[in-house]
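**Student:** I'd like to ask some things about the structure below.
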Amino acid sequence: MKKTININLGGQPFIIDEPAFDMLHHYFESLKQKFANENEQKEIIADIESRIAELFTQRLGKTRAVVGEEDVVYVTTLMGRPEDIAGEPESPGNTNTGKSAVSGSPISGKVEKKLFRDPDNKKVGGVISGLCYYFGWGDPTWIRIALAGLIVLTMVFKFGIGLPIAVIYLILLIVVPEATTSAEKLQMRGEPVTIQNIEKEVRDAMHTAGNSMNNLMRDDKVRNGVTTAARAFAKIFLVFVLLFCIGSLIVLGMVCLGLSIFSAASLSDITQLFVSSRHMITMFNVGLFLAVGIPLISVMYDSIRFLTDSDVKNPILKKVFWGAWFIGLVLLGFSSWSILKDFAASDTVQDKVQLVTPASGTLRVQLADTLGHVIAVHDEDEGGGSSFTWMGGMATTDYGYSFSDVKLEVVVSPDSNYYVERVAFSKGANFADASKNIKMIKYRFSQSDSLLNLDSRFELPKDGKWRDQHIKIRIYVPEGKRLTFAPGVDGMEVNIKSDDYTDDGVVSGKILEVEHGKLKCTNCKERMISDEEIDLPEPPEAPEAPEAPEAPGEHFKMRTGKDSDDLKNFTVNINDKGMEVRGTNEKNQNVHVQINDHKMSVSKTDAQGKAVK
């Protein structure tokens, strides 16, 4: 029966009998005496302990639990005697123990080589260098060049071998351990793990570190100069960063102040038009300030500390900043989701109404109410000044709120009738909600013979919700009929669907006519005539041809028989069909003169488009 002792060797627990413990203790005491004057003593002893613990684990396996004398003799003989380091003869004090670990010669045999990542010769993770040690490939530089070339070829020429190599490298980088101790580095290189080699490994590592420190000290003056210059530039840069943060905080404060005013109780009706609850605006406001403002304040705090060379650290303040920023993100995300979910779906509704064909064959479009009066959304002098214009294109009315997002489109009619089609669009939380929002749109138009009165705005009731509603009014013009625009229509966005029409941004006064299924402008300037561009051809012979203007100017005098007109704002168009003159006389009548090889015709219409004899 032997007494056992529990020990901790290299971070691992072992059970060892008392004689074996005495032998192992004597062995380590000999090592400590050998390295008593060495600066590397602690690291050398630690590496030897780790290696001996590894050998004990291999010796015991899964069948034994107690380290015996034979195990200690085997391990210490394998590791080598302390006296072998300096080539000293065995001291007399060590001859008293026949079974001592310090007697005998090191056990010879095949050295076990293990795969590790090399930390001393690595470029990325030390995988290539470790593989070269394990397989005996020598210098890893050429292996690295070859692998880098394969990866480049894969990226340039789309070869398929580079990607598997990169994946294998990443797997090895994760799976293969790094050689951290002297014993592991010796095993990586296939060298015996003895106290001599461990001592040499530690001394080499310390020597390399000492050389690096000496080089660092030699470059200390240069480094100090570079550091001083870098700090100076960093401080100048941080001054601009600080000014930017202050300006951004001012802008953020103004935005948050505006949102606070918008969500105030006195504007609750306006707020309810856009969001379900004004408190959601308040939540968005707070979340925006915290989510954007806290990082700015944190950057300002660190910048001031750097500029003032302050070493004061406040970890509690940092935690407060992180907590407030996280709360801001939560509030901003929740409020944004609550607002945006009301715009998730969309719907479009089209209503088409047939118009009465005007007797003159010309339909005139004007912006007016259903009675033909000029539209006035609301007079600020009435109602005690309680109405006001809000945002761009929005105003309050007695009914609720009006919006100017109304567009006009002109197309060719599919039959012989005029039509007006209202295309209404809206968003909502779902399809049914979008359809409900469209039904709340109030838009008015009317027809009085040749006049089509369109409203330039649509309205929503006070209990309605703005969900990006907008209106498009589409006018269908039949074959052989005309459409003209009154002054003021240019205030709307007008789109004329025709390849033969050139949009110049102005539609007031223009006459559109459908010919052969296409919309054409009958009084648009097809070409500006001047003496510098072309020589005017001689006017065709025709009875009582109009006199040419005496000099270029703003008036064009024309006499046909006993009738004479002084045209202003006239245009002269010459094409393969002859010459055409259009203008307005002193009676504000539209005069149209057309001359060709066979005849000359003169026609006049009043401001309503009716023919004048």
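**Student:** Can you tell which of GLU513, GLU459, GLU479 is touching a Cys at 6+ places or on another chain (Cβ under 9 Å) and at pLDDT 85 or above? Reasoning before the result, please.
**Tutor:** Values: GLU459 fails: touching a Cys at 6+ places or on another chain (Cβ under 9 Å); GLU479 fails: touching a Cys at 6+ places or on another chain (Cβ under 9 Å).
Within the list GLU513, GLU459, GLU479, the selection yields GLU513.
**Student:** Out of curiosity, is GLU532 at pLDDT below 50, open to solvent by 40 Å² or more (accessible area, probe 1.4 Å) and within 60 Å of the chain's Cα centre (by Cα)? Lay out the reasoning, then the answer.
**Tutor:** Working: at pLDDT below 50: yes; open to solvent by 40 Å² or more (accessible area, probe 1.4 Å): yes; within 60 Å of the chain's Cα centre (by Cα): yes.
Taking the combined requirement at face value, the residue satisfies it.
**Student:** Output the helices (runs of 4 or more DSSP H) that fall wholly within segment 241-350 and possess 2 or more residues being modelled with pLDDT of 90 or more, or say none.
**Tutor:** On the way: elements: 268-274, 278-307, 315-340.
Filter on segment 241-350 gives 278-307, 315-340.
**Student:** Would you check which residues across segment 332-373 are loosely packed, with under 14 Cβ neighbours inside 10 Å, among the aliphatic types (A, V, I, L, M) and within 30 Å of GLY488 (Cα to Cα) and list them?
**Tutor:** Residues satisfying the conditions are VAL353, VAL356, ALA359, LEU371.
**Student:** Hey, can you tell me all the residues within segment 17-35 that are within 16 Å of THR194 (Cα to Cα), part of a helix (DSSP H, G or I) and open to solvent by less than 50 Å² (accessible area, probe 1.4 Å)?
**Tutor:** Looking only at segment 17-35, we keep the residues that are within 16 Å of THR194 (Cα to Cα), and these are 24, 27-28, 30-32, 34-35.
After this cut, where a residue has to be part of a helix (DSSP H, G or I) as well, the list is 24, 27-28, 30-32, 34.
Once the filter is applied, which keeps residues that are within 16 Å of THR194 (Cα to Cα), part of a helix (DSSP H, G or I) and open to solvent by less than 50 Å² (accessible area, probe 1.4 Å), segment 17-35 yields LEU24, TYR27, PHE28, SER30, LEU31.
**Student:** Could you please find all residues in segment 567-613 being at pLDDT 75 or above and among the acidic types (Asp, Glu)?
**Tutor:** Passing the criteria: GLU580, GLU586, ASP606.
**Student:** Return yes or no: is ILE171 at pLDDT 70 or above, surrounded by 14 or more Cβ atoms within 10 Å (Cβ to Cβ) and under 30 Å from LYS114 (Cβ atoms)?
**Tutor:** Working: at pLDDT 70 or above: yes; surrounded by 14 or more Cβ atoms within 10 Å (Cβ to Cβ): no; under 30 Å from LYS114 (Cβ atoms): yes.
No.
**Student:** What about ASP415, is it in contact with a helix residue (DSSP H, G or I) (Cβ under 8 Å, 6 or more places away or on another chain), open to solvent by 20 Å² or more (accessible area, probe 1.4 Å) and not hydroxyl-bearing (Ser, Thr, Tyr)?
**Tutor:** No; evaluated as a whole, the condition is false for this residue.
**Student:** Another question, if that's okay. What are the residues in segment 305-331 that are open to solvent by less than 40 Å² (accessible area, probe 1.4 Å) and under 30 Å from GLY428 (Cβ atoms), if any?
**Tutor:** Selection gives GLY328 alone.
**Student:** ALA432 is checked against (1) at pLDDT 85 or above; (2) among the small types (Gly, Ala, Ser); (3) over 35 Å from the mean Cα position of the chain (by Cα) and fails just one. What number does that condition carry?
**Tutor:** Unmet for ALA432, out of (1) at pLDDT 85 or above; (2) among the small types (Gly, Ala, Ser); (3) over 35 Å from the mean Cα position of the chain (by Cα): (3).
**Student:** Right, something else. Are there any pairs with C-beta distances below 8 angstrom linking a residue in segment 322-349 that is within 21 Å of VAL299 (Cα to Cα) to a residue that is open to solvent by 80 Å² or more (accessible area, probe 1.4 Å), with the two at least 6 apart or on different chains, and if so which?
**Tutor:** From segment 322-349, the pairs are GLY328/PHE289.
**Student:** In segment 183-195, how many are within 50 Å of the chain's Cα centre (by Cα) and open to solvent by less than 10 Å² (accessible area, probe 1.4 Å)?
**Tutor:** 1
**Student:** Looking only at residues in segment 482-504 that are farther than 21 Å from ASP351 by Cα, in a loop (DSSP other than H, G, I, E, B) and of a type in the set (D, E, K, R), which one is modelled with the highest pLDDT?
**Tutor:** It comes out as ASP499.
**Student:** Cβ-Cβ distance below 7 Å, separation of 6 or more or different chains: which pairs start in segment 127-144 with a residue that is within 16 Å of TYR169 (Cβ to Cβ) and end on one that is part of a helix (DSSP H, G or I) and of a type in the set (Ser, Thr, Tyr)?
**Tutor:** Here the result reads VAL127/TYR169; PRO140/SER129, each pair linking segment 127-144 to a residue that is part of a helix (DSSP H, G or I) and of a type in the set (Ser, Thr, Tyr).
**Student:** Any chance you could count how many residues in segment 60-77 are touching a helix residue (DSSP H, G or I) at 6+ places or on another chain (Cβ under 9 Å) and under 17 Å from PRO192 (Cβ atoms)?
**Tutor:** Matching residues across segment 60-77 total 3.
**Student:** Which pairs have Cβ atoms under 7 Å, sit 6 or more apart or on different chains, and link a residue in segment 62-89 that is open to solvent by 10 Å² or more (accessible area, probe 1.4 Å) to one that is at pLDDT 80 or above and among the acidic types (Asp, Glu)?
**Tutor:** VAL66/ASP17; GLY68/ASP17
**Student:** If you don't mind, there's one more thing I want to ask. So which residues in segment 456-502 are within 36 Å of the chain's Cα centre (by Cα), polar (S, T, N, Q) and crowded, with 20+ Cβ neighbours inside 10 Å?
**Tutor:** Within segment 456-502, GLN469 is the sole residue that qualifies.
**Student:** Could you tell me which of the residues PRO177, PRO164 is open to solvent by 60 Å² or more (accessible area, probe 1.4 Å) and in contact with an Asp or Glu (Cβ under 9 Å, 6 or more places away or on another chain)? Write out each step before concluding.
**Tutor:** Values: PRO164 fails: in contact with an Asp or Glu (Cβ under 9 Å, 6 or more places away or on another chain).
Of the residues listed, the single one that is open to solvent by 60 Å² or more (accessible area, probe 1.4 Å) and in contact with an Asp or Glu (Cβ under 9 Å, 6 or more places away or on another chain) is PRO177.
The values are calculated or read from the model by the stated rules, or taken from the named source; none is laboratory data. Predicted model only: the values in this text are computed from it and were never measured. Cβ: placed from backbone, ideal geometry, glycine included. Neighbour counts: every protein chain shown. Ligands, DNA and RNA are excluded from the accessible area calculation, which covers all protein heavy atoms including side chains. Shrake-Rupley method; radii C 1.70, N 1.55, O 1.52, S 1.80 Å.
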